[in-house]
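*Asks:* One structure is given below, represented as C-alpha cells, and several questions about it will come after.
Here, each number is a calculation from the coordinates, and none is a lab measurement. Given the structure is predicted, the values throughout are model-derived calculations rather than measurements. Using ideal geometry, Cβ is built from the backbone for each residue, glycine included, and neighbour counts are taken over all protein chains shown.
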Amino acid sequence: MRDKIADKQRLQHILKAISELESFVKGVTFEAFSQNRMMQQACVSNLMIIGEATGHLTIDIKEKYNSVDWVRIRGLRNIIVHEYFKVDIPLVWQIIHTNLYKLKTVCEQALKDIEEADN
C-alpha cells in the first residue's frame, strides 16, 4: 500500500514539473530561451525534479509503463546534479519539446490507474 501512495505522489511531482516546464516555454522561441539563463535554470531544475521522482518510482510502475525510458530520465538528473557544467541547453530545449508529451501521457495514465485501483 505504501508503495502505491509513494508512486502516486511521485507521479504527481512529475506531472507538476512538466506543467511548470510547459508554462515556462509557452510562446518562447529557442533564441529567447538560449539567451535567458533564468529560464534555462528553471527548466533544468524541473528536469532534475522529474529525474529524482523517477528514481523513486517502484519497479512495478516502471515495468508496467515500459514505453518510457526511465533509466535515461534518471541519467539526465544525474548529469544535471553531478556534471552540471555539461548540461547542453539545446538538448534541454529538445527534451522539453519532444519528450515531455509522451512522459506526461504515460504518467497521467499511471496516476489514473492507481486512483482507479484505490476505488
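*Asks:* For the condition more than 15 Å from residue 99 (Cα to Cα) and surrounded by 19 or more Cβ atoms within 10 Å (Cβ to Cβ), what is the one hit in 47, 21, 57?
*Replies:* Working: 47 fails: more than 15 Å from residue 99 (Cα to Cα); 21 fails: more than 15 Å from residue 99 (Cα to Cα).
Residue meeting the stated conditions: 57.
*Asks:* Looking only at residues in segment 70-94 that are among the charged types (D, E, K, R) and surrounded by 14 or more Cβ atoms within 10 Å (Cβ to Cβ), which one is farthest from residue 105 (Cα to Cα)? Before you say what the answer is, go through the steps one by one.
*Replies:* First pass over segment 70-94, keeping only residues among the charged types (D, E, K, R): 72, 74, 77, 83, 86, 88.
From the residues that got through so far, the ones that are surrounded by 14 or more Cβ atoms within 10 Å (Cβ to Cβ) too are 74, 77.
On the way: 74: 18, 77: 20 Å.
Here the answer is 77.
*Asks:* List every residue pair whose Cβ atoms sit under 8 Å apart, with the two residues 6 or more apart in sequence or on different chains, where the first one lies in segment 87-103 and is touching a residue at least 12 places away in the same chain (Cβ under 8 Å) and more than 13 Å from residue 33 (Cα to Cα) and the second, anywhere, is surrounded by 12 or more Cβ atoms within 10 Å (Cβ to Cβ) and among the acidic types (Asp, Glu).
*Replies:* 100/22
*Asks:* Same structure again: Hey, residue 66 hits all of (1) in a loop (DSSP other than H, G, I, E, B); (2) loosely packed, with under 13 Cβ neighbours inside 10 Å; (3) in contact with a helix residue (DSSP H, G or I) (Cβ under 8 Å, 6 or more places away or on another chain) but one; which does it fall short on?
*Replies:* With respect to (1) in a loop (DSSP other than H, G, I, E, B); (2) loosely packed, with under 13 Cβ neighbours inside 10 Å; (3) in contact with a helix residue (DSSP H, G or I) (Cβ under 8 Å, 6 or more places away or on another chain), residue 66 is out only on (3).
*Asks:* Then there's this: Checking the conditions here, which among 5, 61 is touching a helix residue (DSSP H, G or I) at 6+ places or on another chain (Cβ under 7 Å), part of a helix (DSSP H, G or I) and among the β-branched types (Val, Ile, Thr)? Before the answer, list the steps.
*Replies:* Details: 5 fails: touching a helix residue (DSSP H, G or I) at 6+ places or on another chain (Cβ under 7 Å).
Just one listed residue meets the conditions, 61.
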